[in-house]
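One structure is given here, and the rest of the page talks about it.
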Amino acid sequence: MDEDKAFESDFQIFPNQDFQISPSLMLEIGPGRGDFLFYLATENPTEQIVAVEYKRKRFEKLIERVGKRELKNVSLVLANARGAIPELFREGQIGKLFILYPDPWPKRRHGKNRLLQTEFLKMVCEKLQKGGLLHIETDDAPYAAEIESSLKEITSLRPSQVTATRTIRTLYEEKMRGKRIFTFVYEKC
Ligand SMILES: C[S@@+](CC[C@H](N)C(=O)[O-])C[C@H]1O[C@@H](n2cnc3c(N)ncnc32)[C@H](O)[C@@H]1O
């Protein structure tokens, strides 16, 4: 793995804490520059918001930005979500989980690197509360098709009637303006 990314078994948490004792939290995987994370934290001041990002430089920048915005309800984790989520959270603990524009790995031979495959989605689904939401967006049509077929395999998830609205665009989304966006909002039943 690149030097600048966290290893699957190596986490750094800021500020340091044990998430297992939280009754409930919201999670974002891959916040990048943090646009959506800051929006989420501001809109939900009484919720604990956790973001897992595996690029060290991005994680360090996020710590700075969270500090500047004085967002007291945000926790940041430097880790690969694949290894970190099973370790850090309890079953049924997450109220809402957001994954906006996961790396698409468009080359066929890189497809195995895609994060959102059935096994991973099943694992995160176990961490969701009953009635909890999983919100995924991508602009990559083949990845969207793969995500949709994985979601359909998970019997404890069903498409949600909730249509999440937000007033900000993430950096990645801004770059993709004009492209078709595939949005999946699923609910744990
Ligand atoms: C394409 S960017 C999108 C960033 C942001 N969500 C946006 O919409 O602008 C994907 C982000 O996910 C992070 N990421 C990718 N795989 C990850 C993993 N396995 N664990 C944690 N973060 C990951 C990348 O470092 C990057 O910041």
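Throughout, read-outs are computed from the coordinates displayed, never taken from laboratory work. None of the values given here were measured: they were computed from a predicted structure. Here the Cβ is made from the backbone with ideal geometry for all residues, glycine too, and neighbour counts use every protein chain on show.
Which FRET efficiency, nearest 0.05, do ARG177 and ALA141 yield, Cβ-Cβ r, R0 22 Å?
Result of the calculation: an efficiency of 0.85.
Computed from the mean reciprocal separation of all distinct C-alpha pairs, what Kirkwood hydrodynamic radius does the chain have, in Å?
Averaging 1/r across every pair of different Cα atoms and inverting gives 16.8 Å.
Give LYS5/LYS175; LYS5/LYS57; LYS55/LYS179; LYS55/LYS188; LYS122/LYS152; LYS127/LYS188 a once-over and call out the pairs whose C-alpha atoms are over 18 Å from each other.
LYS5/LYS175; LYS55/LYS179; LYS55/LYS188
Residue by residue, what Karplus-based ³J(HN,Hα) values in Hz, rounded to whole numbers, does the range 33-40 have, using 6.51, -1.76 and 1.60 with θ = phi - 60° and x for Gly and Pro?
Whole-Hz 3J(HN,Hα) from phi for the range 33-40: 7, x, 3, 6, 4, 5, 4, 4.
Check which residues have an amide H placed less than 5 Å from VAL50's amide H, if you skip close sequence neighbours.
MET26, LEU27, GLU28, SER75
Sort GLU187, GLU28 so the one with the fewest other Cβ atoms within 10 Å of its own Cβ comes first.
Ascending Cβ contact count within 10 Å gives the list GLU187, GLU28.
Taking amide H positions as placed 1.01 Å from N in the peptide plane, with prolines and chain starts having none, which residues 5 or more places from GLY132, or on another chain, fall under 5 Å of its amide H?
HN-HN under 5 Å from GLY132: LYS188.
Any idea how far apart LYS107 and GLU119 come out in nm if each label point goes 7 Å out from Cα toward Cβ?
2.3
Report the per residue volume, in Å³, of the convex hull enclosing the C-alpha atoms of the range 34-74.
Values: hull volume 2.3 nm³, N = 41.
Convex hull volume per residue, Cα atoms: 56 Å³.
Over all directions, what mean area does the Cα convex hull of the range 1-98 project, stated in square nanometres?
For the Cα atoms of the range 1-98, the hull's average projected area reads 5.7 nm².
May I ask you to compute the full-extension gain from ARG169 to GLU70, defined as 0.36 nm times their residue separation minus their alpha-carbon distance, rounded to one decimal in nm?
So the extension gain works out to 33.5 nm.
How large is the dipole of the range 1-109 about the Cα centre if only Lys and Arg carry +1 and Asp and Glu carry -1, each at its Cβ, rounded to the nearest 20 debye?
Result for the range 1-109 is approximately 420 debye, rounded to the nearest 20.
If you plug each phi of the range 148-153 into the Karplus form 6.51 cos²θ - 1.76 cosθ + 1.60 with θ = phi - 60°, what whole-Hz ³J(HN,Hα) values come out, in order, with x for Gly and Pro?
With the stated coefficients, the range 148-153 comes to 4, 6, 5, 4, 5, 6 Hz.
Taking the Cα centre of the chain as origin and charging only Cβ (+1 Lys, Arg; -1 Asp, Glu), how large is the dipole, in debye to the nearest 20?
Here the chain has a charge dipole of around 460 debye.
With labels modelled as points extended 7 Å from the Cα through the Cβ direction, what inter-label distance (nm, one decimal) is found for LYS152 paired with ARG82?
The modelled label-to-label distance comes out at 2.6 nm.
Output ³J(HN,Hα) for the range 66-73: one whole-Hz value per residue in order, computed from phi by the Karplus curve 6.51 cos²θ - 1.76 cosθ + 1.60 with θ = phi - 60°, and x for Gly and Pro.
5, x, 4, 7, 6, 8, 7, 9
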